[in-house]
Amino acid sequence: MHGYMGKILRVDLSAGDIQDEPLNEVYARAFVGGSGLAARYIYDLVDGGTDPLGPDNPLVFMTGPLVGTSMPSAGRCSVCALSPLTSIWGEANTGGFFGPELRFAGYDGLIITGRSEKPVWLAVIEGRAELCSADGVWGSDSYGTQDRVREALGEPKARVACIGPAGENLVKMAAVMNDHGRAAGRTGMGAVMGSKNLKAVAVRGKARVGLADPEGFKAVVREILHNVSEDMAVMSLQLAGTACYVDMALMYGDMPIRYYQRGEWEGASDLSGVLMDDQFGVKNAACYHCPIACGRQMRAPSYGVERVDGPEYETLGALGTLLLVNDLEAVIYAGHMCNVLGLDTISAGATLALACEMFERGILTAADTGGVEMRFGDAEMAHRLIGMMARREGFGDVLAEGSAALAERFGVPELAVTVNRLEVPLHDPRAFVGMAVSYALSPRGACHMQGDMYSVDTGQGPALELGIEPGDRFDSSEEKGRIAARQQAWRSLYNAMTLCQFQNPGVEWILAALNAATGWGLEAGAMMVLGKRIVTLQRLLNLRRGLSCASDRLPELLLRPLKDGGTEGCTPDMDLLLAGAYAEYGWDSETGRPTPETLAEMDLSFADGP
Ligand code: SF4
């Protein structure tokens with residue numbers, strides 16, 4: 001199979017059994033790779049009753065056909081399972097070098113089931129795999145774990161994906177960390193890893209990906225690299241990382257403030273990416289074969305930390321504007337704590353901000369928090385609680401369950417800003433109404449990585465050939481719903497190719513790269529079918545887990561107009577937007593279920609029952 005290593009590693013931790021198996025070519029043709037292909041494998045292995053923290057929940061690391069090639073910015077890896085935070089489809093993807101190295105070790109993906117009796121880590125080196133005791137590593141933070149595993153292996157260049165204390169303690173928002181501070185952050189994949197007593201996976205090898213048309217592939221890569229150097233969005237990312245978006249987001253009202261309830265705050269501009277680079281920047285950092293290098297290395301000298309990875313835009317919002325903390329160095333340090341402890345910064349920051357909101361409303365008191373005053377603007381409190389959350393100490397144990405559980409526990413479920421129990425990222429659907437569709441229909445709950453309509457409506461890399469056109473950001477119409485669905489499908493295909501979403505050379509060049517790698521000879525229209533098939537399968541899996549069209553909603557707080565800021569009082573019209581999106585996907589307008597015709601057209605008839 002061109003574009004694939006042709007091999008999956010199956011690991012049963014309960015039995016200590018490790019087996020190679022051929023990659024399922026039919027699955028790969030239909031679901032490509034990454035979170036698409038992982039969904040196809042996982043669909044066969046779970047049902048409505050599978051416990052996300054039980055041994056039967058498979059944890060899947062999956063790459064795509066462009067990973068480890070010379071394709072720019074195609075070095076990501078998806079980590080997927082049922083989510084312990086949401087109980088539905090869970091996925092996160094991470095940059096760095098782990099994905100390419102997994103392929104060099106000889107595999108397209110890993111499917112890990114069971115639960116080891118004692119903590120272990122998995123070594124996959126040059127096509128051979130073994131389980132090793134994690135006795136000396138369990139309890140280490142995520143940075144220390146990566147170093148120790150490399151030392152134990154005697155492979156200083158091995159790439160290690162691991163959990164920190166949060167994953168070990170089954171914190172529902174625990175991340176899988178790799179390459180220092182790169183994170184597969186969302187939906188609690190670190191807790192799934194912890195539930196399996198699996199501390200780390202180390203990969204290393206020299207195998208290379210075979211391409212269908214190596215010369216054609218080289219030509220495509222040359223063209224993409226040439227275009228990258230002239231792309232304005234890329235220049236901004238090079239200048240200030242993803243934090244370059246802070247100022248623009250504030251202008252549009254896209255960056256939520258004070259737990260999603262304010263549109264303006266003068267302290268927010270203190271968190272600007274340019275300022276951050278000037279004051280605390282050390283250097284840019286790139287993932288495998290990426291000419292953009294949006295990653296950042298910072299320092300936080302007041303906290304005695306000389307190397308901080310990030311923070312990204314989302315982290316600056318979650319641990320900054322949501323909490324009304326404008327001390328930039330304190331926010332950088334809070335992000336660093338999350339990396340080291342292995343926590344998703346978005347869910348951690350949003351849950352802390354919800355606790356502040358509840359405290360200030362008198363719903364939570366010091367008697368509930370063990371004496372901690374949960375106040376907006378208090379960076380020291382945030383640092384303390386992040387540590388307590390990762391270790392499940394005191395009130396941190398309550399926060400470790402996430403926002404939805406926190407709000408339910410104290411009788412105010414309407415206050416949780418979550419979609420299907422996943423905390424909403426730092427893009428306000430009142431600023432770009434298309435995001436309402438991205439959040440409400442994302443198979444993993446509120447997700448900015450499957451349908452970035454803020455990019456489309458600001459004219460950044462729209463895929464015009466696929467009918468994804470920029471428009472009025474406040475236009476709550478069926479047509480906007482359709483466009484948002486197309487963007488969601490397109491980005492789902494990106495996640496299946498595990499291509500970084502900051503690399504936008506256009507549909508034509510991505511298609512050319514995919515065809516040169518695989519030899520599939522696809523046409524542009526097929527890209528939309530692939531993307532929609534992936535979203536629809538993940539939706540079917542969620543329907544089997546108990547979701548329905550009633551789950552396609554936004555939280556109440558995001559449907560209230562803001563008096564100030566760039567949203568201009570707009571709220572999304574969910575009925576119109578969803579009607580357009582359902583029609584685009586071929587889902588029944590009443591039930592939201594894919595119709596029999598859609599299932600047949602998409603070759604998804606195998607998944608036609610709950
Ligand atoms: S643009 Fe940034 S996140 Fe994307 S591959 Fe490059 S360095 Fe990694």
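Values quoted throughout were computed directly from the atomic coordinates according to the rules given, and no laboratory measurement underlies them. None of the values given here were measured: they were computed from a predicted structure. We place every Cβ from the backbone using ideal geometry, glycine too, and count neighbours over all the protein chains shown.
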Relative contact order computed over the chain (Cα-Cα under 8 Å; 6+ residues apart), in percent: 16
Most positive-pole-ward Cα, 521, 540, 559, against dipole of region 487-576 from beta carbon charges: 540
The chain - Debye-derived log10 I(q)/I(0), Cα point model, q = 0.06, 0.08, 0.09, 0.12 Å⁻¹: -0.26, -0.49, -0.63, -1.22
Rg and Dmax of region 83-159, Cα atoms only, in Å: 13.8, 39
Where N is the number of residues in region 174-299, Cα Rg divided by 2.2 N^0.38 Å: 1.39
Square roots of five times the Cα gyration tensor eigenvalues for region 31-120, Å: 24, 14, 11
Interchain or long-range residues, amide H under 5 Å from residue 419's placed H: 424, 446
³J(HN,Hα), Karplus 6.51/-1.76/1.60, whole Hz, each residue of region 154-167, x for Gly, Pro: x, 10, x, 9, 5, 9, 10, 9, 8, 10, x, x, 4, x
Reachable lysines from residue 480, criterion Cα separation under 21 angstrom, eight or more residues apart if same chain: 532
Kyte-Doolittle mean at least 0.0 and Cα axial length at least 15 Å: DSSP H helices in the chain: 214-228, 328-341, 345-360, 379-391, 507-518, 524-544, 574-585
Residue exposure sequence - 218, 199 - by fewest surrounding Cβ within 10 Å: 218, 199
Gap separating the Cα centres of region 518-566 and region 338-412, nearest whole Å: 29
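Restricting attention to region 288-379, which GluC sites (Glu not before Pro) occupy a DSSP loop and are surrounded by at most 15 other Cβ atoms within 10 Å?
373
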Restraint check, 157/283; 118/206; 172/206; 206/283, Cα-Cα greater than 25 Å: 118/206; 172/206; 206/283
Span from the region 415-491 Cα centroid across to the region 36-111 one, whole angstrom: 23
For 120, 26, 160, order by how many other beta-carbon atoms lie within 10 Å, fewest first: 26, 120, 160
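So, R0 is 30 Å and r is the distance between the beta-carbons of residue 384 and residue 363; what FRET efficiency does that work out to, to 0.05?
After rounding, the FRET efficiency stands at 0.90.
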DSSP-loop GluC sites (Glu not before Pro) across region 491-562, with at most 15 other Cβ within 10 angstrom: 523
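Taking the Cα centre of the chain as origin, sum charge times position over the Cβ atoms of Lys and Arg (+1) and Asp and Glu (-1), and report the length of that vector in debye to the nearest 20.
Computed charge dipole of the chain: roughly 1360 debye.
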Amide proton proximity set for residue 90, modelled H, under 5 Å, gap of 5+: 81, 82, 83
Dimensions (Å) - region 7-204, Cα atoms, principal axes, largest first: 42, 41, 29
Loop-resident sites, region 424-493, for GluC sites (Glu not before Pro), counting at most 12 other Cβ within 10 Å (DSSP): none
Rounded to whole Hz, the Karplus (6.51, -1.76, 1.60) HN-Hα couplings of region 452-465, x for glycine and proline: 7, 5, 5, 6, 4, 6, 9, x, 8, x, x, 8, 4, 4
P(r) histogram, all alpha-carbon pairs of region 378-419 included - 10 Å bins from 0, percent: 31, 45, 24
Average silhouette area of region 384-466, convex hull of alpha-carbon atoms, in square nanometres: 7.0
Taking 37, 399 and counting other C-beta atoms within 10 Å, the order from fewest to most: 399, 37
Size descriptor, Kirkwood hydrodynamic radius, that averages inverse alpha-carbon separations across region 427-607, Å: 16.6
Dipole magnitude (debye, nearest 20) for region 7-204, charges at Cβ of Lys, Arg, Asp, Glu: 480
Charge-dipole axis of region 234-411 as Lys and Arg at +1 and Asp and Glu at -1 on Cβ define it, positive-most pick from 273, 308, 404: 308
Residue-averaged [θ]222 nm for the chain, counting only DSSP H segments that reach four residues, each worth -39500 (n - 2.57): -11000 deg cm²/dmol
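Report, in debye and to the nearest 20, how large the dipole of region 62-159 comes out about its Cα centre when Lys and Arg carry +1 and Asp and Glu carry -1 on their Cβ.
140
Let me check I have the definition right: for region 340-424, take the eigenvalues of the Cα gyration tensor, multiply each by 5, take square roots. What are those semi-axes in whole Å, largest first?
Output for region 340-424: semi-axes of 17, 16, 11 Å.
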Net charge over other residues, Cβ less than 12 angstrom from the Cβ of residue 560 (K, R count +1; D, E count -1): 0
Kirkwood Rh and Cα Rg combined as Rg/Rh, region 234-411: 0.98
